[in-house]
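First up is the structure itself, then whatever we jot down about it.
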Amino acid sequence: MKLYYTPGACSMAAHIVLAESGLPYSTTRVNLKDKTTETGEDYTKINPKGYVPCVRLDNGAMIGENTALLGYLGELKPAAGLMPAAGTIENYRVREWLGFVSSEMHRNCTPFFRPDTPEATLQAQREILRKRLAYLETELAGKSFLTGQAFTSADAYLFVVLNWFGHVGIDLAAYPNAKAFHARVAARAAVQQVMKDEGLLKAA
């Protein structure tokens, strides 16, 4: 498998899931500004949508969109425990969280990465995100991860989105459960390795 990624972007969630799974994979960095890969390829010819993540499977098929991709990757190696067994309520709970992180967290962060977004819009988005964080704060009470004590694909996605909150201008210190969750995931060996691989953390 080959993951097309941009450092620190939402593709980092798929990168973490792949690293946690122990499955063999390679990566290619994408410059989203000029839509080229690190080898000079036109990324839009690889993924016409022009954004990350995107994974090329060993059979040549391509799959993207975190709500689909993270579930797919998590199920490839059941022993890793990243997705509960298909068809179970536990599996759908993880998928429910993938949807929430995508539509209620990720989407509402997007305007902060557009230089022409009006300040009034950004302030409105912050208020929405604070409400979503308040909900997360309640849901994370007494749990290590979103669905309990086991790390799943949804936790990888939430971790990446929470990484952006410094840029968004929201201090996680006001949400101790969310802050503790973020620190807990950041300390995982696979996450540390991915952050180093993406140039976000200096190698020791």
If you go through the stretch 40-84, how many residues are free of Cβ contacts under 8 Å to residues at least 12 places away in the same chain, touching a strand residue (DSSP E or B) at 6+ places or on another chain (Cβ under 7 Å) and β-branched (Val, Ile, Thr)?
1
Taking into account only those residues within the stretch 59-103 that are basic (Lys, Arg) and under 23 Å from residue 5 (Cβ atoms), which is surrounded by the fewest Cβ atoms within 10 Å (Cβ to Cβ)?
77
Which residues, counting only those in the stretch 162-203, are of a type in the set (Lys, Arg) and farther than 20 Å from residue 53 by Cβ?
179, 184, 202
Just a yes or no: is a residue in the stretch 27-39 touching a residue at least 24 places away in the same chain (Cβ under 8 Å), surrounded by fewer than 23 Cβ atoms within 10 Å (Cβ to Cβ) and assigned to a helix (DSSP H, G or I)?
no
I'm trying to understand the selection: among the residues of the stretch 62-86, which are farther than 16 Å from residue 147 by Cβ and not in a helix (DSSP H, G or I)?
62, 63, 64, 65, 76, 77
Are any residues in the stretch 142-165 closer than 17 Å to residue 78 by Cβ, in contact with a helix residue (DSSP H, G or I) (Cβ under 6 Å, 6 or more places away or on another chain) and surrounded by fewer than 24 Cβ atoms within 10 Å (Cβ to Cβ), and if so, which ones?
147
Any residue in the stretch 42-61 that is closer than 24 Å to residue 162 by Cα and in a helix (DSSP H, G or I)?
no
Candidates 96, 65 - the one that is in the same structural domain as residue 148 (by TED's automatic domain parsing) and within 25 Å of residue 129 (Cβ to Cβ)
96
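Pick from 112, 159: which is hydrophobic (A, V, I, L, M, F, W, C), assigned to a helix (DSSP H, G or I) and farther than 28 Å from residue 48 by Cβ?
Only one candidate qualifies: 159.
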Pick from the stretch 167-186, criterion more than 16 Å from the chain's Cα centre (by Cα) and under 16 Å from residue 149 (Cβ atoms), ranking: surrounded by the fewest Cβ atoms within 10 Å (Cβ to Cβ)
180
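The values are calculated or read from the model by the stated rules, or taken from the named source; none is laboratory data. Everything numeric here is computed off the predicted structure, so don't read it as measured data. Please note: Cβ atoms are built from the backbone with ideal geometry, for glycine as well, and neighbour counts cover all protein chains shown.
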